[in-house]
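J.: One structure coming up, written as structure tokens, with questions to follow.
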Amino acid sequence: MTETAAKATAAVAFAPPTRFAVPGRIAVAGEVAAVWQTATITEVRRETPHASTFRFAVPGWAGHLPGQHLMLRLTAGDGYAAQRHYSLASAPDDSGHIELTLDHVVDGEVSGWFHTVARPGDTVEVRGPLSGFFAWPGDRPALLLGAGSGVVPLMSMVRHHRARALDVPLHMVVSARSPEELIYARELGPETTPVFTRAAPRGVPVGRMAATHVAPLLAEQPAGGWEAYVCGSNGFAEHASRLLVAAGQPVDRIRIERFG
């Protein structure tokens with residue numbers, strides 16, 4: 001079997017492992033992450049027609065690593081409570097603030113509340129940070145592949161990279177249906193390659209993330225190689241992971257977070 005054929009076979013047979021976020025896998029003391037804290041909305045920023053960023057003041061926040069998430073709880077007046085896991089969008093800092101970027105999910109009781117009811121001054125409960133598997137401390141080259149709201153934890157990594165002026169290589173390839181639906185479009189810089197699946201600016205091809213977006217990054221790797229982070233829907237996670245493996249990325253250096 002030729003090397004090319006072997007890679008193709010491996011790409012077809014590869015079923016990327018997924019390690020879902022586990023509350024015990026955290027980067028701070030377990031007793032801290034287990035405590036529910038009050039988070040007060042201080043700002044709401046519209047990102048796309050269907051996604052907004054919510055900034056919270058959490059005075060007791062213990063800090064987090066880019067890529068981690070938290071648990072959020074809403075409690076109604078009658079005592080009914082709804083809990084959801086959300087990725088942290090903000091870079092780690094000591095401001096006592098964190099940010100979440102939420103899609104407005106049709107019939108979603110929590111995202112629906114945020115997008116139609118929540119205002120600055122409203123409070124929710126949060127605990128975390130959770131999961132150390134998908135975290136990127138900024139100590140190794142990072143290749144980030146995301147789609148839709150899967151860009152959220154990846155943007156935390158990009159912001160961390162910028163805030164600390166890190167010289168370790170980082171590159172992000174992010175997929176969106178159109179420029180209007182590209183979350184954080186105003187913030188993206190030369191470290192990011194956008195891919196548009198349904199509509200694109202003049203001169204930019206339309207289509208799914210492909211080998212042409214990934215293979216060149218694997219062909220000329222930084223010293224030590226990439227640590228790859230993939231976040232998106234089930235279908236995207238499978239597709240992006242196969243692209244990475246076909247291009248030569250070691251399976252044990254692909255970290256996946258998926259939703260849906």
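J.: Once you've got the GNM for the chain with C-alpha springs shorter than 10 Å, pick whichever of S131, S178, S156 has the biggest mean-square fluctuation.
T.: S178
J.: Distance in nm between label sites at A62 and A34, each 7 Å beyond Cα in the beta-carbon direction?
T.: Simple spin-label model gives 1.0 nm for this pair.
J.: Taking only the Cα atoms of region 134-225, how large is their convex hull per residue, in Å³?
T.: Considering the Cα atoms of region 134-225, their hull volume per residue is 102 Å³.
J.: With the radius of gyration and the Kirkwood radius both derived from the Cα set of region 198-255, what is their ratio Rg to Rh?
T.: 1.01
J.: Quick one: grab the alpha carbon gyration tensor of region 160-211, order the square roots of its eigenvalues as a ≥ b ≥ c, and give me rounded if a/c is under 1.5, else prolate or oblate depending on whether a/b is larger than b/c.
T.: Cα axes put region 160-211 in the prolate bin.
J.: Using the alpha carbons of region 88-148, what is the convex hull volume per residue in cubic angstrom, as a whole number? Numbers along the way, then the final one.
T.: Numbers: hull volume 8.0 nm³, N = 61.
Looking at region 88-148, the number lands at 132 Å³ per residue.
J.: So with the 1.4 Å probe, I'd like the accessible area per residue for the chain, rounded to whole Å².
T.: It amounts to 46 Å² per residue over the chain.
J.: Within region 133-163, which residues have the backbone N less than 20 Å from the label spot 7 Å out from A223 along Cα→beta-carbon, could you tell me?
T.: Counting only backbone N, you get 137-143.
J.: Also: Region 144-187: percent of C-alpha pairs farther apart than 18 Å? Present the calculation step by step, with values, prior to reporting the outcome.
T.: Values: 240 of 946 pairs.
Of the Cα pairs, 25 percent sit more than 18 Å apart.
J.: Taking the alpha-carbon centroid of each part, what is the distance from region 133-191 to region 76-129 in angstrom?
T.: That distance is 21 Å.
J.: Taking the chain as a Gaussian network, where each spring joins two C-alpha atoms under 10 Å apart, which residue of D122, D78, D103 fluctuates the most?
T.: D78
J.: Sticking with this one: Can you give me the pair-distance distribution of the chain, C-alpha pairs, 5 Å bins, whole percents?
T.: Taking every Cα pair in the chain, the percentages come to 1, 6, 13, 17, 19, 17, 12, 8, 4, 2, 1, 0, 0, 0.
J.: Based on the alpha carbons, how large is the Rg to Rh ratio for region 106-260 when Rh follows Kirkwood?
T.: 0.98
J.: Moving to a separate point now. Helix 234-246: angle to the longest alpha-carbon principal axis of the chain, degrees 0 to 90, nearest 10?
T.: Tilt of helix 234-246: around 40 degrees.
J.: Okay, next question. Could you give the nm distance between label points at A199 and R162, where each point is 7 Å from its Cα heading toward the beta carbon?
T.: With each label placed 7 Å out from Cα toward Cβ, I get 2.6 nm.
J.: With the cut-off at 25 Å, report for region 53-194 the share of all Cα pairs above it, as a whole percent.
T.: Pairs farther apart than 25 Å: 29 percent.
The values are calculated or read from the model by the stated rules, or taken from the named source; none is laboratory data. Given the structure is predicted, the values throughout are model-derived calculations rather than measurements. Glycine also receives a Cβ, built like all others from the backbone with ideal geometry; neighbour counts cover every protein chain displayed. These accessible areas exclude ligands, DNA and RNA; they are computed on the full protein's heavy atoms, side chains included. Shrake-Rupley method; radii C 1.70, N 1.55, O 1.52, S 1.80 Å.
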